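Visitor: Once you've had a glance at the structure underneath, I'll fire off some questions.
The values are calculated or read from the model by the stated rules, or taken from the named source; none is laboratory data. It should be emphasised that the depicted structure is a prediction, and the values quoted were computed from it without experimental measurement. Note that each Cβ is placed from the backbone with ideal geometry, even for glycine, and that neighbours are counted across all protein chains shown. The area values use the complete protein model at the heavy-atom level, side chains included, leaving out ligands, DNA and RNA. Shrake-Rupley method; radii C 1.70, N 1.55, O 1.52, S 1.80 Å.
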Amino acid sequence: MWMLYVVILMANLYHLFVRLPLILITGNTMAYLTCALLKSMDVPVVSNLTKLEGVFLLRILGAFFCLLVSCQEFKKGDSFEDYFSAIKEIQLERIQFEVADGSPFFGNMYILGYIDSVVVVNEYLTNDYTFKLIDLKTGAVKNFGKRGEGPNELVAEGGYFLTDYQNNQLIIGDGLFNYTYSVEDLFKENPQPLNSFTFETNGDRFIGARVFAKGKVIGSTYLHQFASYTLATKQFETHGDYPGGESQSLAHQAYYCAHPTEAKIAYGVRAYPEFGILTEKDDKLQIQKWNWGEDYIQVEELSDGTRSAVGSLDEELNFFSSSGSKSSIFFLFSGKKVRQADGQIRKSGLLPSQVYQLDWEGNPRAILNLGQPVKAIAVDPDGQLLFASSAARDPELLIYKLPSNEN
């Protein structure tokens with residue numbers, strides 16, 4: 001009897017280590033395993049596998065099968081920086097740029113965007129306006145997105161902007177109302193929006209950063225890790241739950257960037273080292289993830305129903321700014337602990353002077369050295385220029401020429 005088991009074992013080792021690798025190479029793994037599963041369940045199938053082979057494969061390949069169905073998550077190296085260990089660092093050439101005399105001062109320059117020779121700056125905490133616009137052709141700077149309760153004004157402090165490259169439009173919003181402007185009108189004395197709209201999200205709502213691509217707004221919501229909203233049809237779709245449940249939404253916020261002309265989105269998570277690429281195929285969202293660790297931020301719900309992030313000594317600043325061109329994804333990544341050993345927030349040393357460049361398949365392309373720490377980046381769609389906000393107390397716009405590897 002033991003001889004029979006030896007024969008069976010040898011036969012199945014042959015299938016496991018000879019036939020299966022060949023199947024992997026030809027891309028038919030899922031068909032092979034499905035066939036084995038159906039055979040083991042006495043479901044008639046057309047296959048050259050015996051029932052005993054199917055059962056044996058199912059038992060031995062259980063863990064391997066789990067790996068296959070989650071093969072959209074990658075981990076290369078021991079850290080995000082290690083992922084770039086074989087990639088050269090390039091010193092970027094800075095292009096001199098000065099704003100026009102009499103321009104308003106910049107307060108913080110937390111988020112940058114670019115569209116048609118205009119750099120959009122999200123200032124967040126300034127008193128009267130949420131944004132500033134910089135005309136790269138003339139150096140003119142103007143306040144934009146007035147706060148208040150009047151027509152076309154932003155009610156909430158935490159505003160956002162979306163760039164629509166296809167229609168050459170800028171959309172600004174405050175979480176309640178959104179206003180669409182033609183970029184050609186932005187520097188007129190009193191530009192009027194082309195339209196206004198609200199998101200109809202059925203009890204859910206967008207939270208944090210979001211981007212615009214191919215007629216859709218994509219970002220995170222309070223209840224789901226990824227969501228999209230189609231402006232033309234008002235169709236709202238959600239994808240994926242937060243690790244730890246809905247209450248952990250604040251711990252998993254990401255910064256997004258969009259491909260200028262295609263339905264591709266990249267994101268990087270702030271609290272832990274994970275970035276990903278979202279694409280659409282056959283009207284279905286596909287998500288690829290590269291992950292090197294779990295989150296450190298914990299979230300608690302307060303007595304009034306609001307939520308608050310709870311800081312810890314292990315809290316990290318990972319991805320915190322991103323931008324995309326037609327060929328590349330650009331990330332600002334720190335990887336540093338936010339707090340000192342005594343629990344106090346670090347006041348220096350968190351912000352990097354390097355930008356990590358990848359292609360839209362998630363492969364490393366270059367490490368771009370800017371020569372000084374920065375806190376936000378943006379690129380033009382053709383990948384010729386990189387814009388950054390300096391980390392100085394009085395920040396300024398920095399402009400760099402991107403290397404030819406972008407093309």
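Visitor: For a quick check: with amide H placed at 1.01 Å from N, whose amide H comes under 5 Å from Ala209's, ignoring anything fewer than 5 positions away on the same chain?
Guide: For Ala209, whose amide H was placed from the backbone, the distant partners under 5 Å are Ala254.
Visitor: Using label points projected 7 Å from each Cα along Cα→Cβ, tell me how many nm separate Ile87 and Asn202, to one decimal.
Guide: Each label point lies 7 Å from its Cα, and together they span 3.8 nm.
Visitor: Could you order the peptides 237-250, 385-398 from most to least packed, using the average number of other C-beta atoms within 10 Å per residue?
Guide: Details: 237-250: 15.4, 385-398: 18.7.
The most tightly packed comes first, giving 385-398, 237-250.
Visitor: Per residue of segment 194-203, in order, report the coupling 6.51 cos²θ - 1.76 cosθ + 1.60 (Karplus, θ = phi - 60°) as ³J(HN,Hα) in whole Hz, putting x for Gly and Pro.
Guide: Result, ordered by residue: 6, 6, 9, 7, 10, 8, 9, 10, 6, x Hz.
Visitor: Could you report the accessible area of Trp360 in Å², rounded to 10, computed with a 1.4 Å probe on the protein chains as they sit in the structure?
Guide: Surface open to solvent at Trp360 totals about 20 Å².
Visitor: When we measure straight from the Cα of Lys234, which lysines land under 19 angstrom away, once same-chain ones fewer than 8 places off are left out?
Guide: Those lysines meeting the cut-off are Lys214, Lys216, Lys284.
Visitor: Just to check I understand the Karplus step: with θ = phi - 60° and J = 6.51 cos²θ - 1.76 cosθ + 1.60, what whole-Hz values come out for segment 215-231, glycine and proline as x?
Guide: x, 10, 9, 10, x, 9, 10, 5, 10, 9, 5, 9, 8, 9, 10, 8, 5
Visitor: While we're looking at this one, here's another question. For Lys347, which aspartates and glutamates qualify as cross-link partners when the Cα separation must be under 20 Å and same-chain residues fewer than eight apart are set aside?
Guide: Glu123, Asp314, Glu315, Glu316, Asp394, Glu396
Visitor: OK, next. Each residue of segment 319-330 in order: what ³J(HN,Hα) in whole Hz does its phi give by Karplus 6.51 cos²θ - 1.76 cosθ + 1.60, θ = phi - 60°, with x for Gly and Pro?
Guide: Coupling constants for segment 319-330: 7, 9, 6, 8, 7, x, 10, 5, 10, 9, 10, 10 Hz.
Visitor: Which order do Tyr165, Tyr160, Tyr110 take by accessible area at a 1.4 Å probe, largest first? Don't skip to the end; give the middle numbers.
Guide: Numbers: Tyr165 65, Tyr160 15, Tyr110 100 Å².
Result of the area sort, largest leading: Tyr110, Tyr165, Tyr160.
Visitor: At 7 Å along Cα-to-Cβ for each site, give me the label-to-label distance between Ile367 and Asn168 in nm.
Guide: If labels sit at Ile367 and Asn168, their model points lie 4.0 nm apart.
Visitor: Can you list residues whose amide H is under 5 Å from Gln298's amide H, if they're 5+ apart or on another chain and H is modeled 1.01 Å from N?
Guide: Val310
Visitor: Right, next: Using 1/(1 + (r/R0)^6) with R0 = 25 angstrom and r between the beta carbons of Lys146 and Asn195, what's the FRET efficiency to the nearest 0.05? Please report the intermediate quantities before stating the final value.
Guide: On the way: r = 18 Å, r/R0 = 0.72.
Plugging the Cβ-Cβ distance into 1/(1 + (r/R0)^6) gives 0.90.
Visitor: Then there is this: What is the Cα centroid distance between segment 319-393 and segment 234-254, reported in whole angstrom?
Guide: Using only Cα atoms to place each centre, the spacing works out to 24 Å.
Visitor: Another question, then. Return the long-range amide H neighbours of Gly215 (sequence gap of 5 or more, or a different chain), with a cut-off of under 5 Å between placed amide H atoms.
Guide: Under 5 Å from the amide H of Gly215: no residue qualifies.
Visitor: What does the extension gain come out to for Gln344 and Asp394, with contour length at 0.36 nm per residue minus their alpha carbon separation?
Guide: Values: separation 50, 0.36 × 50 = 18.00 nm, distance 2.35 nm.
So the chain would gain 15.7 nm between Gln344 and Asp394.
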